[in-house]
Amino acid sequence: MNTTNLNTSPEEVRQLTEDWVRSMVVGLNLCPFAAPVLKDQSLRFFVSGAKDEKALTADYLQELDKLMQADEKDISTTLLIAPYMLADFYDYLDMLTEFEILLERAELEGVLQLASFHPGYLFGGVPADDISHWTNRAPYPTFHIIREAQMSRALAHFKNPEEIPERNIQRLEKLGREGLIKRFPPFADYADN
């Protein structure tokens, strides 16, 4: 998937990301608390128009503030989507590191945390063609800002939460690449990553 296509509108980016959440994250139950926040519309999708790190950092800080100021019932969690930059996965990881440092400097470590998604996501030390990477592949570079207390509450009602990553990988292995593409056709655009 070409994450740097400047002709893609923010609404198209948002819609494709929401389709991915519905089809993959909720549809395959990859995240134990995604379905409720999608259903009650407290999952915020923010499409950044940023084309450089300074602008994206400003959007990130704005989203941290917005999440902290909002009632959890209104905005429980945020997906910050960066469709116009960070097409290179390693550039994305550098930005993720910067965002984690900013979270710590804002003294929000332990209050908020980040989850990472990218079209070319690769786990370190895992063969490039391993299907496990697809647990963190999304249509665009995305930073998921999560309230830790909310996640802790959700995981408290989930049997063996430490097994979630392995269970997710097993689900994807069962589907295989063809099954993933059938479930979410845009994956075909970056199936060879």
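Throughout, read-outs are computed from the coordinates displayed, never taken from laboratory work. From a predicted model like this one, the values you see are computed outputs, not experimental measurements. A quick note on method: Cβ atoms are made from the backbone with ideal geometry, for glycine too, and the neighbour counts reach across all protein chains shown.
Helix-only arithmetic for the chain: the sum of -39500 (n - 2.57) across DSSP H runs with n ≥ 4, divided by the residue total, places the mean residue ellipticity at 222 nm at -13000 deg cm²/dmol. Between region 6-73 and region 105-145, the alpha-carbon centres lie 14 Å apart.
Taking the Cα centre of the chain as reference, the dipole from Cβ charges on Lys and Arg (+1) and Asp and Glu (-1) amounts to some 780 debye. Contact order for region 1-90, expressed relative to its length and based on alpha carbon pairs under 8 Å spaced 6+ residues apart, stands at 40 percent. Taking 0.36 nm per residue of sequence separation and removing the Cα-Cα distance, the Leu102/Glu166 pair yields an extension gain of 20.0 nm.
Full extension of the chain between Asn29 and Tyr90 gives 19.2 nm of extra length, using 0.36 nm per residue less the Cα-Cα distance. Could you calculate the FRET efficiency of Ala149 with Asp40 from 1/(1 + (r/R0)^6), where r is the beta carbon distance between them and R0 is 22 Å, rounded to 0.05? Between Ala149 and Asp40 the formula returns 0.85. For region 126-140, putting each phi into the Karplus relation 6.51 cos²θ - 1.76 cosθ + 1.60 with θ = phi - 60° gives couplings of 10, x, 4, 8, 5, 5, 4, 4, 6, 5, 10, 9, 10, x, 9 Hz, in residue order, rounded to whole numbers and with x for Gly and Pro. From the largest down, the chain spans 42, 42, 32 angstrom on the principal axes of its Cα atoms. Radius of gyration over Kirkwood radius for region 80-193, both on Cα atoms: the Rg/Rh ratio is 0.99.
Full extension of the chain between Met68 and Glu53 gives 3.2 nm of extra length, using 0.36 nm per residue less the Cα-Cα distance.
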